[in-house]
Amino acid sequence: MTQADTQVTATNAGGETVLDAFIVGCGVSGIEALHRLRSAGFDAIAVDAADGVGGTWHWNRYPGARLDSESYSYGYFFSEELRNGWDWSEHFCGQPENERYFNYVVDALDLRPFMKLGTAVTSAHWDPDGGTWLVTTADGDRYRTRFLITGIGILSDPKYPNIPGRERFSGAVAHTARWPKGGLDLKDKRVAVIGTGSSGVQTIAAIGPIVGSLTVFQRSPNWCPPLNNEPITPLEMAEIKGQYEAIWTKTRTTRGGFIHGPITASALSFSPEERRHWYETLYGRRGFARLYTNFIEVIRTKELNAEFSEFLAEKIRARVEDPEVAKKLIPVDHGFGQRRPPYETGYYEVYNQPNVELVDTTETPLAEITENGIRTTEREFEFDVIIYATGFNSVTGAFERIDIRGRDGASLGDSWRQGPNTVAGLGTYGFPNLLMLGGPQAMGGNIPRCIEHQALFLDSLMRHMRDNGLSRIEPTQAACDEWTAHVAEVVSMTLYAETKSGWFWNAVEGATGHSFGIYPAGVVEYGRRLREIEANGYQGFVLS
Ligand code: NAP
């Protein structure tokens, strides 16, 4: 969509497009924000660097990329017509279907005229004189907007390993989060995968059966329970449609925002044999049941965590034929749930193939990328293709990519050197009229369900401000500090803090401190707190 196609209403004398709200991102949060703001009568547009909609589901098109939230708990619930107009084909749908879904939503809600795709936002500077943001894009467009709304995610800025020689490799290269749209020919190729997080695990399982040879460079193994994905028959889908209200209610009342309800009994009221029986039952269940329908003590106490982790270790030993390889695949530095678990389909069996090798980079670190492949401290490997499944500059990376400057010209990157410091992940001190969806200190669990709370909050906040003649909102420093302290306190009640995890911790280069990157108390508590902030007159924010 070009600027000329975008149905914006006004341009000022300086050639700037004048808006109520400029939304950065056309992913899960950008789409909902755009729909709500336009429905409320605001002049809003959304701009994305990607040339298609869907955010995560546009960029992460690597083989095997799929949901690990149940598809029918992941889509938008706010419109009955929208949800009933779509049929999911699997319990955990793959990337192509998810991308199609977000295109369906954008068309059904008629949002495309208000989107500008294939355009990176380069800067956003607060102008104290007019009380507006001046936003510029890579193709030179300038926007003057009252509100700047980010929907750029906390896992969207791809990270490459800091190994010399990356540019020297003469073969094909892909990052899982920037997979080429036309695909990559991997059949019978000698392929390297670096990284064994969720993206690596899904990629390895998908390509293992087709490549000529596969070498997996693993720095840290993860606990990977089976996804247990299955097709959804048309009859099942009809049944799901009849249950959408109940499914929605469940996602709004269970801690992680999934359909997996809690088990309320204490683990200690059962014998070890009974617990083992329950673990077996859970192993056969889907997705996040292993985390959210498990005994709460499994993520709260070291003893029960060790018990469930050992149960998973036994499964790995049973599925991987070579005991030495199995040993390498079993985490020793953290228990299940301390890091975000990847879910797998046939992952462990890939290591039973004769053409697959697992290299532990803690034993033989990656030394350099060469013209022909990868050299570790032990030897050189030759490859046709190198796949980086090395994750993201998590939590703040996407925010650092844009030159965002608030009051007094301070940059957001600088102000978050100690880690993000926000009120409920929605706003940050020094940055008036910047509202963040899907940002730091807010997400956790089933992501669209967190965003849903935020989008509702944004919707009523914007209406409230308009109805009351207010034009400016900014959180106080004290409220930001209070939220950060609250997040840290919740973390301290869990085992999360005892392990390293890019998903949890802000660790951008140059950061001098740490702050927890997600909201660890869960989606339900998060929604409750947003409603409380709103009911108390936007407590923690100054409106004028
Ligand atoms: P990730 O979890 O950060 O994993 C990156 C992997 O690369 C890790 O194994 C990491 O090892 C490794 N790595 C990074 N730098 C390395 C280096 N220099 N040398 C060797 N190994 C290196 O990233 P991801 O797999 O893309 O997943 C990110 C998040 O996205 C996940 O937590 C998940 O929430 C989400 N995700 C979700 C789905 C889904 O829902 N289906 C799918 C994919 C991703 P270390 O662990 O040692 O750092």
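In table form, for the structure just shown:
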| item | result |
| --- | --- |
| Phi-based couplings in Hz for the stretch 400-411 (Karplus 6.51, -1.76, 1.60; Gly and Pro marked x) | 6, 5, 9, 7, 9, 10, x, 3, 6, x, 5, 8 |
| P(r), alpha carbons of the stretch 124-263 - 10 Å bins starting at zero, rounded % | 8, 21, 23, 24, 21, 4, 0 |
| Counting DSSP beta bridges with both ends in the chain, the antiparallel % (nearest 5) | 40 |
| Calculated FRET efficiency for the pair Ala10/Leu235, C-beta based, R₀ 51 Å, to 0.05 | 0.50 |
| Estimated dipole of the chain in Debye, rounded to 20 [Cβ of Lys and Arg +1, of Asp and Glu -1, Cα centre] | 400 |
| Amide hydrogen neighbours beyond the local backbone of Thr122, cut-off 5 Å, H modeled | Thr136, Thr137, Ala138 |
| More than 19 angstrom apart: percent of Cα pairs within the stretch 333-397 | 55 |
| Hydrodynamic radius (Kirkwood) for the stretch 222-346, which is based on Cα pairs only, to one decimal in Å | 15.9 |
| For Ser471, distant residues with modelled amide H under 5 Å away | Ser544 |
| Amide hydrogen neighbours beyond the local backbone of Arg142, cut-off 5 Å, H modeled | Thr17 |
| Net charge, Phe258 excluded, C-beta distance under 15 Å - Lys, Arg +1, Asp, Glu -1 | +4 |
| Counting all C-alpha pairs of the stretch 392-482, share separated by more than 22 Å (%) | 29 |
| 10 Å-binned pair-distance histogram of the stretch 259-417 (Cα, whole percent) | 8, 25, 26, 22, 15, 4, 0 |
| Contour excess over end-to-end distance, with Cα ends at Arg142 and Arg178 and 0.36 nm allotted per residue | 10.3 nm |
| Subset of Lys187/Lys241; Lys302/Lys328; Lys159/Lys302 violating a 29 Å alpha-carbon distance limit | Lys187/Lys241; Lys159/Lys302 |
| Inverse mean reciprocal Cα-Cα distance (Kirkwood Rh) of the stretch 200-283, Å | 17.2 |
| Evaluated over the stretch 330-459, the Cα radius of gyration and Dmax, each in Å | 20.9, 61 |
| Alpha-carbon centroids, the stretch 310-337 and the stretch 206-280: separation in whole Å | 19 |
| Two-decimal log10 I(q)/I(0) for the stretch 429-469, as the Debye equation yields it once each C-alpha is a single scatterer, q = 0.32, 0.33 Å⁻¹ | -1.08, -1.10 |
| Rough spin-label spacing in nm, given labels placed 7 Å along Cα→Cβ, for Leu82 and Thr253 | 2.4 |
| In sequence order, calculated HN-Hα J values of the stretch 112-126 (Karplus, 6.51, -1.76, 1.60; Hz; x Gly/Pro) | 4, x, 10, 10, 10, 9, x, 9, 7, 7, 9, 8, 8, 10, 6 |
| FRET efficiency for Glu314 and Thr494, using Cβ-Cβ distance with R0 set to 30 Å, rounded to 0.05 | 0.75 |
| The chain, relative contact order in percent, only Cα pairs under 8 angstrom and at least six apart counted | 19 |
| Rg(Cα)/(2.2 N^0.38 Å) for the stretch 378-432, N = residue count | 1.76 |
| Summed residue charge, Cβ within 14 Å of Val524's Cβ, Lys/Arg positive, Asp/Glu negative | +4 |
| Two-decimal Rg to Rh for the chain - Kirkwood Rh, Cα set | 0.96 |
| Total formal charge among the other residues, if their Cβ is under 14 angstrom from that of Gly131, Lys/Arg +1 and Asp/Glu -1 | 0 |
| Full-stretch length increase - Glu368, Glu321 - with 0.36 nm per residue and alpha-carbon distance subtracted | 13.8 nm |
| Glu534-His486 pseudo-label distance in nm [points 7 Å out on the Cα-to-Cβ vector] | 1.5 |
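Values quoted throughout were computed directly from the atomic coordinates according to the rules given, and no laboratory measurement underlies them. Just so it is clear, the structure is predicted and the values come from calculations on it, not from any experiment. Quick reminder, even Gly has a Cβ in these numbers, built from the backbone with ideal geometry, and neighbours come from all protein chains shown.
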